[in-house]
Amino acid sequence: MNYTYVLNADTSFKDLIRELDGYGVGFLAVIDKHSKLIGILTDGDIRRAVLNGKTDIHEIINKEPECFDADASRRDAVNHLKSISCKQLPLINAEGKLIEVLVLDGIQVATYPNKVVIMAGGLGSRLGELTESTPKPMLLVGNKPMLEHLIEGFVEYGFRNFILCVNHLSEIIEDYFGDGSEFGVNISYTREEKKLGTAGALSLIEEKITDPIFVVNADILTSVNYTHFLDFHMGSGAIASMCIKEDSYQIPYATIKTDEDGNIELIEEKPLRKFSVNAGIYMLGSKALDMVPKDKFYDMPTLFEDCMRQNLKVSGFHMSDYWLDIGQKDDYYKANLDINLKN
């Protein structure tokens, strides 16, 4: 269904009601013969018209509806639709022509209480001049900072409460995101006076944490399903979980295996080595948070190792989704290429 109706000189109030009722979703996009959007009509508009005794269709149609750029990415359009708590969104082009009606009919977007802590205080020194005056999380990927992409990914799955751990050029991050209200989320900040590592900054959080929290590095792009990760963590019985991504590396040479006497036993021509890597996305329960020392450098792998030394259960969530760690310039250029291909 395209949920559209072409308005013409003979259109009556009853015609619009009949068309609106026919789609069964309480929404109708009204266009002219050139496909330009005139406005929208909803069940609520009809109810108000009846109550006010109005039958002039030009007075009933909402001629200033919420619309979105049809050339924008689908994720951006969906996130905008969810942020305004609607289920239909007209997508129009630069000429005002209706291209599509985006519909999330029947989908309820759950909102979760779990906080998302994003480690956004890194120096990004491996990116050279790119981060001299711009904090690494604020480097543009496509048309927006990588940190905004990361936040949008969580919002897409219903997570809206964020704590940003900042340090290097923190005022740029805080000026851009503020309290998060412009992005439909809640954002607070912790500020590192010295380098505390990927786990040490958690000791700066003053508010009481009861539900498991996400902890994620700010320099990654991913499409992982965060609700699946949360469900996995809750079902595992672990006090801490990490996302694990399979990677591989092709050795550019033939590898040789010999015995103690130097006799060649095996030759492998440019073998492919597969391994699992830490994806920089974690879930921590309150017991794991209690293990983080105050005001001391402490990284996340060390936290997991300390848990294992104490025979406390930690789990790994194997993800197959898109994932990219932006550590080097080549990674940054690849991120921009991937975004352009996606859009």
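The values are calculated or read from the model by the stated rules, or taken from the named source; none is laboratory data. Computed from a prediction, not measured in an experiment: that's the story for all the values here. Every residue, glycine as well, gets a Cβ built from its backbone with ideal geometry; the counts of neighbours run over all protein chains shown.
Miscellaneous remarks
- Residue in segment 319-333 that is among the small types (Gly, Ala, Ser), surrounded by 18 or more Cβ atoms within 10 Å (Cβ to Cβ) and in contact with a helix residue (DSSP H, G or I) (Cβ under 7 Å, 6 or more places away or on another chain) present: no
- Ala120 vs. criteria modelled with pLDDT of 85 or more, more than 16 Å from the chain's Cα centre (by Cα) and not acidic (Asp, Glu): no
- Just so you know, in segment 36-58 the residues that are outside any helix (DSSP H, G or I) and farther than 16 Å from Thr11 by Cβ include one that is nearest to the chain's Cα centre (by Cα), and it is Thr42.
- Segments classed as helices (runs of 4 or more DSSP H), wholly inside segment 145-251, with at least 2 members that are more than 22 Å from Pro135 (Cα to Cα): 146-156, 226-236
- Pairs with Cβ under 6 Å, 6+ apart, first in segment 60-81 and hydroxyl-bearing (Ser, Thr, Tyr), second loosely packed, with under 14 Cβ neighbours inside 10 Å and in a loop (DSSP other than H, G, I, E, B): Ser73/Asn343
- Of all residues in segment 201-230, those that are under 15 Å from Ser188 (Cβ atoms) have Cβ atoms under 9 Å from Cβ atoms of residues that are acidic (Asp, Glu), 6 or more apart or on another chain, in Ala201/Glu192; Leu204/Glu192; Leu204/Asp295.
- Residue ID - nearest to the chain's Cα centre (by Cα), chosen from residues in segment 300-343 that are of a type in the set (Lys, Arg) and under 30 Å from Glu129 (Cβ atoms): Lys342
- Candidate set from segment 208-263 (those that are over 25 Å from the mean Cα position of the chain (by Cα) and of a type in the set (S, T, N, Q)); member that is farthest from Glu148 (Cα to Cα): Asn263
- Residue in segment 284-295 that is over 21 Å from the mean Cα position of the chain (by Cα), part of a loop (DSSP other than H, G, I, E, B), aliphatic (A, V, I, L, M) and over 30 Å from Ala77 (Cβ atoms) present: yes
- One residue alone among Ala49, Ala9, Ala70 is within 17 Å of Gln88 (Cβ to Cβ) and assigned by TED's automatic domain parsing to the domain that holds Lys87, and that residue is Ala70.
- Taken together, the residues in segment 302-317 that are surrounded by fewer than 17 Cβ atoms within 10 Å (Cβ to Cβ) and either hydrophobic (A, V, I, L, M, F, W, C) or at pLDDT below 95 (or both) amount to 2.
- Residue in segment 17-24 that is surrounded by 13 or more Cβ atoms within 10 Å (Cβ to Cβ), without any contact (Cβ under 8 Å) to a residue 60 or more places away in the chain, within 20 Å of Cys86 (Cβ to Cβ) and touching a helix residue (DSSP H, G or I) at 6+ places or on another chain (Cβ under 8 Å) present: yes
- Single match in Ser286, Ser248, Ser241 (criterion: touching a strand residue (DSSP E or B) at 6+ places or on another chain (Cβ under 8 Å), surrounded by fewer than 21 Cβ atoms within 10 Å (Cβ to Cβ) and hydroxyl-bearing (Ser, Thr, Tyr)): Ser248
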